[in-house]
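One structure is given here, and the rest of the page talks about it.
The values are calculated or read from the model by the stated rules, or taken from the named source; none is laboratory data. What you see is a predicted model; the values in this text were computed from it and never measured. Neighbour counts are summed over all protein chains in view; Cβ atoms, including those assigned to glycine, are modelled from backbone coordinates with ideal geometry.
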Amino acid sequence: MILSTRTSRAWIGLLPVLVVLIIILVFVFQNPEDVKVRLFTLSGTLPLSVALLGAVILGALMVLALGSVRIFQLRRQFRRKARAFEEVGRRSR
């Protein structure tokens with residue numbers, strides 16, 4: 001039986017990150033054409049890859065924000081139920 005160490009787990013966890021990084025680099029190098037981008041009153045030209053990566057990053061940040069709010073709501077709900085359960089337990093003694 002081979003025991004894993006923190007270092008070996010870190011290297012194994014790093015492999016998918018490296019694969020994604022390589023895919024992103026290939027994407028960036030294959031899409032250097034400039035495109036016109038408009039956001040509200042701002043406009044300009046960017047390489048297609050940069051524009052799409054920016055959109056992906058903004059989308060990921062939105063998902064992260066919404067997920068964080070939901071986790072906060074669930075924790076608050078759990079704490080309320082735990083307190084109510086403790087109150088019922090104290091009363092029944």
* **Failed item, numbered, when R6 is tested on (1) more than 27 Å from the chain's Cα centre (by Cα); (2) loosely packed, with under 10 Cβ neighbours inside 10 Å; (3) among the basic types (K, R)** => (1)
* Structure fact -> Within segment 39-93, of all residues that are part of a strand (DSSP E or B) and of a type outside the set (A, V, I, L, M), the one nearest to V26 (Cα to Cα) is P47
* Could you tell me whether segment 17-40 includes any residue that is modelled with pLDDT of 90 or more and in contact with a helix residue (DSSP H, G or I) (Cβ under 7 Å, 6 or more places away or on another chain)? => yes
